[in-house]
Amino acid sequence: MKNTFGSAVSLTIFGESHGPAVGAVLDGLAAGLPVDTAQIAAAMDRRRARGDGLSTSRTEPDEVELLSGVLDGHTTGTPLTFVIRNTNTRSGDYARTAALLRPGHADYTAFAKYEGFQDARGGGHFSGRITAASVAAGSVCRQVLAGLGIRVYTHIARCAGIDDAPLDYNNLPPEAAPGHFSLADPAKEIPMQEAIRAAGAEGDSVGGILETVVTGIPAGVGEPFFDSVESELAHLMFSIPAVKGVEFGAGFAFAGLRGSTANDAFRMAGDRIVTATNRNGGVNGGITNGMPVVFRTVVKPTPSIYKQQETVDYIAKKDAELTIHGRHDPCIVPRAAVVQDTLTALGILDLWTVRYGTAAQKHGLPGVDR
């Protein structure tokens, strides 16, 4: 498995859904950076299930243990190690159907690759549970970026067929309160919740679209060809379980445009070079152009549903039918927003550090107000 990502700032994840714990190691941070554990806890709370019919009834406190790399509220320059204990596992829910491949899951592909030695309980290392570790580590990256004047914000652009209001990239909303959806229009939350609950009541699930905006990042960040801004962020987004598509700026809508419309005209705003539109999502040639970086991901409906499905018994080698038991989200989109937020922060901080060096994490760029 490839469990480490990043060049100058790297993240390594470990653990399984039903093992003792999940965790992460974050390396490449400068010494002396402030780390607010309350902000880590707040990020974990945004991801946490609440057993409210909108998410899985597997609720965990998700308390983060920081084993290394932080002393007296500041980074020491050594790797940060995060551990989140699994305290509410029910492996027996999976034992009765262990030989049946769950449609939409990694059961078959994991078996084909690891020859049956993988931990299949609750999806093992393929479970969305592992994202708890990336949220803990990525929330620290987000704090570092905030100190540099760079903000990462993700909202639910669409969920269960219901659209949020368009974002004003120059006036982003505040963070959603714990237990609430991240939306530009809070009035959309109740209809989205009703649609999620309706699908769950039928034993089914729904998906959606998450949109992320990064503001305050200067022009010149990104390493084409293979570590371009789009390459790095798309790589990270596709590491989130259930993400099946990524688009930057106008994305697939470019297919219906002419170049005269697709291009973003340049102009001066005081002594700054800006673009009149931002259809390219703040990136040209794989490098930031100083405009907000904008991208969207498609999150598929949760594959664990309670409807009967056709499958295969891979031990008996025969067709079978499966009815899934256990505790599952009818929609993971609301909880995935903070996962996308924090992994974006990791990617941007890595690219920033490759471009400007570790000292710039702490001191910023000469001549740039923060």
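Computing Rg and Dmax of the Cα atoms in Å for the structure here picks out one of (1) 30.3, 104; (2) 20.7, 66; (3) 21.1, 71, namely (3). Considering only Leu349, His363, Pro103, and ranking their Cα positions along the charge dipole of the chain that arises from unit charges at the beta-carbon of Lys, Arg, Asp and Glu, the one farthest toward the positive end is Pro103. Reported to the nearest whole Å, the Cα centre-to-centre distance from the stretch 129-153 to the stretch 157-179 is 19. Less than 5 angstrom separates the built amide H of Ala157 from those of Ile209, Leu210, Glu211, all sequence-distant by 5 or more or on a different chain.
With springs connecting C-alpha atoms under 10 Å apart, model the chain as a Gaussian network and identify which of Ile287, Ile315, Ile13 has the largest mean-square fluctuation. Highest fluctuation of the listed residues: Ile315. For His235 and Glu202, the difference between the fully extended length at 0.36 nm per residue and the C-alpha to C-alpha distance is 8.5 nm.
Backbone phi angles across the stretch 333-339, fed through the Karplus curve with coefficients 6.51, -1.76 and 1.60 (θ = phi - 60°), yield HN-Hα couplings of 4, x, 6, 6, 4, 6, 5 Hz in residue order; Gly and Pro are listed as x. Summing Cβ point charges (Lys, Arg +1; Asp, Glu -1) relative to the Cα centre of the stretch 211-327 gives a dipole of roughly 300 debye.
Of the trypsin sites (Lys or Arg not before Pro) found in the stretch 190-264, the ones in coil according to DSSP and having at most 14 other Cβ atoms within 10 Å of their Cβ are Arg258. Annotation: Lys300 carries an accessible surface of approximately 60 Å², with a 1.4 Å probe and no ligand, DNA or RNA atoms counted. Under a 5 Å amide H cut-off, with hydrogens placed 1.01 Å from N, Ala219 pairs with Gly290 among residues at least 5 apart or on other chains. Between the alpha-carbon centres of the stretch 37-52 and the stretch 182-257 there is a gap of 20 Å.
With springs only between Cα atoms under 10 Å apart, run a GNM on the chain and tell me which of Ala242, Ala234, Ala31 wobbles the most. Fluctuation is largest for Ala31.
Among Met237, Met291, Met268, the sequence by solvent-accessible area, most first, with a 1.4 Å probe is Met268, Met291, Met237. Among the chymotrypsin sites (Phe, Trp or Tyr not before Pro) in the stretch 97-145, those placed in a DSSP loop whose Cβ has at most 14 other Cβ atoms within 10 Å are Phe117.
Here the Gaussian network model covers the chain, with springs between Cα atoms less than 10 Å apart; of Gln193, Gln39, Gln309, Gln309 fluctuates the most. Each helix, a run of at least 4 DSSP H residues, gives -39500 (n - 2.57); summed and divided by the residues of the chain, these come to -7500 deg cm²/dmol at 222 nm. State whether the stretch 5-53 is rounded, prolate or oblate according to the following rule on the C-alpha gyration tensor (a ≥ b ≥ c being the square roots of its eigenvalues): a/c under 1.5 gives rounded; otherwise a/b larger than b/c gives prolate, and the remaining case gives oblate. It comes out oblate by the Cα gyration axes. Converting phi to 3J(HN,Hα) with the Karplus coefficients 6.51, -1.76 and 1.60 and the offset θ = phi - 60°, the stretch 340-345 yields 5, 3, 6, 6, 4, 4 Hz in sequence order, with x at every glycine or proline. Lysine pair count for the chain with Cα-Cα distance under 22 Å and sequence separation of 8 or more or different chains is 8.
Overall, the chain carries a charge dipole of about 240 debye about its Cα centre when +1 sits on the Cβ of Lys and Arg and -1 on the Cβ of Asp and Glu, all other atoms neutral. Just going by the charge dipole of the stretch 164-243, with Lys and Arg at +1 and Asp and Glu at -1 on Cβ, which of Ser239, Asn171, Ile190 is farthest out on the positive end? It is Ile190, whose Cα lies furthest towards the positive end. Which whole-number value in Å² is the accessible area per residue of the stretch 86-206, probe 1.4 Å? Per residue, the stretch 86-206 has 46 Å² of solvent-accessible surface. Simple rule: put +1 on each Lys or Arg Cβ and -1 on each Asp or Glu Cβ in the chain, find the dipole, and look at Leu54, Gly286, Val22; the Cα lying farthest toward the positive end is Gly286. Under 5 Å from the amide H of His74 lie the amide H atoms of Val35, each residue being 5 or more positions distant or on a separate chain, with H modelled from the backbone and absent for Pro and chain starts. Under the combined filter of DSSP loop state and at most 13 neighbouring Cβ atoms within 10 Å, the stretch 153-239 retains these chymotrypsin sites (Phe, Trp or Tyr not before Pro): Phe225, Phe226, Phe238.
Rounded to whole numbers, the Karplus 3J(HN,Hα) couplings from phi for the stretch 352-359 are 4, 6, 4, 6, 10, x, 5, 4 Hz, using 6.51 cos²θ - 1.76 cosθ + 1.60 with θ = phi - 60°, and x at Gly and Pro.
The values are calculated or read from the model by the stated rules, or taken from the named source; none is laboratory data. It should be emphasised that the depicted structure is a prediction, and the values quoted were computed from it without experimental measurement. Using ideal geometry, Cβ is built from the backbone for each residue, glycine included, and neighbour counts are taken over all protein chains shown. Each accessible area value is taken on the protein alone, full model and side chains, heavy atoms only, with ligands, DNA and RNA left out. Shrake-Rupley method; radii C 1.70, N 1.55, O 1.52, S 1.80 Å.
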